[in-house]
Amino acid sequence: MTSDAFSGLVAALDPPLIVVTTAVGDERAGCLVGFHAQSSITPERYCVWLSKANHTYRVALRSDYLALHFLAEDDLPLAAHFGTQSGDTIDKFADLATTTGAGGVPLLADCPNWLVARRSALLDEGGDHVCLPAEAIAAQHGKPFTPLRLSRATHLQPGHGNEERHDPPTERAAP
Ligand SMILES: Cc1cc2nc3c(=O)[nH]c(=O)nc-3n(C[C@H](O)[C@H](O)[C@H](O)COP(=O)(O)O)c2cc1C
């Protein structure tokens, strides 16, 4: 297999983009995600894959809940906000209107199409992203929308590279 063939195949799928948010106590997190899919009809399950590099991943490890916001084609500024900056250095929610969903997850007021889900498992099979299967517990389909797709966002520079890892890896590892 060539990596050109793999990347050509997955680019042809042109996945819709979502913003995944989560929270633990007062700490809120969220990032742009292209790796996501429905994974069961009954019960209604959905998987997202988070990068081990991301602040959102580290907060999600400590949270039972995720909110998935399905972006519309005019949401590119929101995609850039969540996809090119890191919660390691800024509070992405400081200037955004939000409400609160189950488990304290932030719901973005500007996104009428969302799903809140309870994390049911975590699969780390050694890659740079980790699979978080989740059970849908609440949803809002605000209005019909045309999804914002990856092909419209390829110029965005992710806030973290896939190869980055938090340093120190754990709080106890800090000097
Ligand atoms: C087009 C695009 C798609 C992305 N897809 C994912 C993804 O599927 N999963 C993920 O964890 N990060 C993905 N990222 C990267 C994060 O959104 C980005 O690194 C973000 O700044 C991390 O923020 P955080 O450190 O606050 O979590 C994507 C970024 C872009 C620009």
Practice problem: For residues that are at pLDDT 95 or above and among the hydrophobic types (A, V, I, L, M, F, W, C), scanning just segment 146-175, find the one that is farthest from the ligand (Cβ to nearest atom). | Solution: LEU148
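Hey, can you tell me all the residues within segment 51-70 that are of a type in the set (Gly, Ala, Ser) and more than 12 Å from the chain's Cα centre (by Cα)? Walk me through how you get there before you give the answer.
Narrowing segment 51-70 to residues of a type in the set (Gly, Ala, Ser): 51, 53, 60, 63, 67.
If the condition is that a residue be of a type in the set (Gly, Ala, Ser) and more than 12 Å from the chain's Cα centre (by Cα), then ALA53, SER63 are the ones that fit.
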Quiz prompt | Selection status of ALA80, among the small types (Gly, Ala, Ser) and touching a helix residue (DSSP H, G or I) at 6+ places or on another chain (Cβ under 9 Å) | solution = no
Quiz item: Of all the residues that make up segment 127-146, how many are closer than 23 Å to TYR65 by Cβ, in contact (Cβ under 8 Å) with a residue 60 or more places away in the chain and out of contact with any helix residue (DSSP H, G or I) (no Cβ under 7 Å at 6 or more places or on another chain)?
Solution: 6
Self-check item: Which listed residue is within 12 Å of the ligand (Cβ to nearest atom), free of Cβ contacts under 8 Å to residues at least 12 places away in the same chain and of a type in the set (A, V, I, L, M), from ALA29, ALA53, ALA94, ALA37
Solution: ALA37
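The values are calculated or read from the model by the stated rules, or taken from the named source; none is laboratory data. Keep in mind the model is a prediction, meaning the values are calculated, not measured. Positions of Cβ are generated from backbone atoms using ideal geometry, with glycine treated the same way; all protein chains shown enter the neighbour counts.
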